[in-house]
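Asker: What follows is a structure written as structure tokens; I'll ask about it next.
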């Protein structure tokens, strides 16, 4: 266990001896990049020319009027290339991979957005690419799997455990142990062993830096509250980082409440009281685990928040009270997504819709003089199957059945 990478009692690097040299190499490359102004300049240039940064903020006029209370603004990370904040991290790690002279990248993914972003980065930089994804997530995120494979990535469906994100992470680490000489693991969130939580947060901090300046330029003041969904924690760390020194700004992280408190079918590590402190997957944080330390199954309508742990940095902020954590149920999330689509023409991902749900709940009780900011971490193209099923859309079901019948007829005629 290393002594670095702790946030009070959380974090660390609980890794097998065989990986110590690889982590030392990664930490050295990361620290050298942080000290090199030309690296950040190269990163900013790449993000501006390849991923549409700076992403704008949008004011939700219709919902602000409908709900009353605070004026609602949205940071548009859905406008990044590949449709989510994930591009910020993978492009930064791609530049680090080049610095380290490695030719292959691997990644884990839940919602598939990190997988698509990693496959995109690998295609641009010419890396071989393998993506690990829980078999359950492969089924509910098939559009993203399609695009990963089209970009040349090998997608491995993990059929162990709950067949979701935690199992994909385990498989990615097994791969890395075997292929560490030529392979970099592009961890997708602010979790895992040091230096990943700090490094991923650094690349994602571009969100908060932009958002703070944009709110001041647009409104002349800072927002009263900033909302972000919380799975592993990368988009939350990204936007929160811009406001950590502003005591007048309340930071609100929204976890997956699933089927509700006490149901045993959720992924709320910090908002509910079901999680306990433990060590797994190379770091110490709050995990949903039983009394024997065995990881419990989680549930969320959103694949990207369906994770058993949470960033050690956010666990630290939970203990210090620097971030307030809430949870939104599946039903509230689907309703918030539909409301945003109908009223504003924005299509937030199911992950992002957790943040919208909490913001819509709280905005009416705030003053009209106040502003709130929601991080729209991604868009819902990837969620079309899950959303259509959740809202019981008859035309969608008719379309799926007709396509299935046509495919069966084609196979019978072959």
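Asker: Please report 215, 148 as a ranked list, fewest other C-beta atoms within 10 angstrom at the top and most at the bottom.
Answerer: Values: 215 22, 148 26.
Least to most surrounded, the residues fall as 215, 148.
Asker: To continue, here is another question. Over the residues of the range 204-258, compute the C-alpha Rg and express it relative to 2.2 N^0.38 Å.
Answerer: Numbers: Rg = 11.3 Å, N = 55, 2.2 N^0.38 = 10.1 Å.
Against the empirical 2.2 N^0.38 Å value, I get 1.12 for the range 204-258.
Asker: Order by neighbour count: 272, 185, fewest other Cβ atoms within 10 Å first, most last. Display every interim value, and only then the final one.
Answerer: Values: 272 20, 185 25.
If I rank by nearby Cβ atoms, fewest first, I get 272, 185.
Asker: Follow-up question, since we're still on this one. Across 10 Å bins from the origin, how do the percents of Cα pairs in the chain run, short distances first?
Answerer: Binned Cα distances yield the sequence 5, 23, 34, 25, 10, 2, 0.
Asker: Here's another thing I want to ask about it. What distance in nm separates the simple spin-label points at residue 370 and residue 103, each placed 7 Å from Cα in the Cβ direction?
Answerer: 5.7
Asker: Just how far, in whole angstrom, is the range 1-50 from the range 123-159 if you go by their alpha carbon centroids?
Answerer: 25
Asker: Compute the distance from the alpha-carbon center of the range 335-414 to that of the range 237-310, in whole Å.
Answerer: 22
Asker: Now for a different question. For a quick check: sort 252, 74 by the number of other beta carbons within 10 angstrom, fewest at the front.
Answerer: Details: 252 21, 74 27.
Ranking 252, 74 by Cβ neighbours within 10 Å, fewest first, gives 252, 74.
Asker: So, one more: Using a basic spin-label model with each label point 7 Å from the Cα along Cα→Cβ, how many nm lie between residue 24 and residue 182?
Answerer: The two pseudo-label positions are separated by 2.4 nm.
Asker: Here's a follow-up. Would any residue of the range 153-197 have its amide N under 17 Å from a label point 7 Å out along Cα→Cβ of residue 128? List them or say none.
Answerer: Backbone N within reach: 153-156, 172-186.
Asker: Working from the alpha-carbon coordinates of the range 163-309, get Rg over Rh, Rh being the Kirkwood radius. Write down the numbers at each step before the final one.
Answerer: On the way: Rg = 16.9 Å, Rh = 16.6 Å.
Looking at the range 163-309, the ratio lands at 1.02.
Asker: Let me ask something else about it. Antiparallel as a % of all DSSP beta bridges within the range 18-151, to the nearest 5? Write out the running numbers ahead of the final one.
Answerer: Values: 3 of 9 bridges.
For the range 18-151, the DSSP antiparallel bridge percentage is about 35.
Asker: Between residue 217 and residue 413, 0.36 nm times their residue separation minus their Cα-Cα distance comes to what? Please report the intermediate quantities before stating the final value.
Answerer: Numbers: separation 196, 0.36 × 196 = 70.56 nm, distance 6.27 nm.
Additional length available on full extension: 64.3 nm.
Asker: With N residues in the range 329-414, what two-decimal value do you get for its Cα radius of gyration over 2.2 N^0.38 Å? Kindly include the intermediate steps, with their values, before the conclusion.
Answerer: On the way: Rg = 17.8 Å, N = 86, 2.2 N^0.38 = 12.0 Å.
Here the Cα radius of gyration is 1.49 times the empirical estimate.
Asker: What distance in nm separates the simple spin-label points at residue 48 and residue 142, each placed 7 Å from Cα in the Cβ direction?
Answerer: Spacing of the two 7 Å Cα→Cβ label points: 4.2 nm.
Asker: Could you give me the percent of Cα pairs per 5 Å distance bin for the range 234-376, shortest bin first, beginning at zero and ending with the bin that holds the maximum distance?
Answerer: Percent of Cα pairs in each bin: 2, 10, 19, 22, 21, 15, 8, 3, 1, 0.
Asker: Can you tell me what share of the DSSP beta bridges in the chain is antiparallel? A percent to the nearest 5 is fine. If you can, show how the numbers build up before the last one.
Answerer: Details: 15 of 50 bridges.
Approximately 30 percent, going by the DSSP bridge assignments.
Asker: For the range 154-293, give the share of DSSP beta bridges that are antiparallel, in percent and rounded to the nearest 5; count only bridges with both residues there.
Answerer: Details: 6 of 11 bridges.
For the range 154-293, the DSSP antiparallel bridge percentage is about 55.
No lab work stands behind these numbers, since they all come straight from the coordinates. Keep in mind that this is a model prediction, so the values were computed, not measured. Neighbour counts are summed over all protein chains in view; Cβ atoms, including those assigned to glycine, are modelled from backbone coordinates with ideal geometry.
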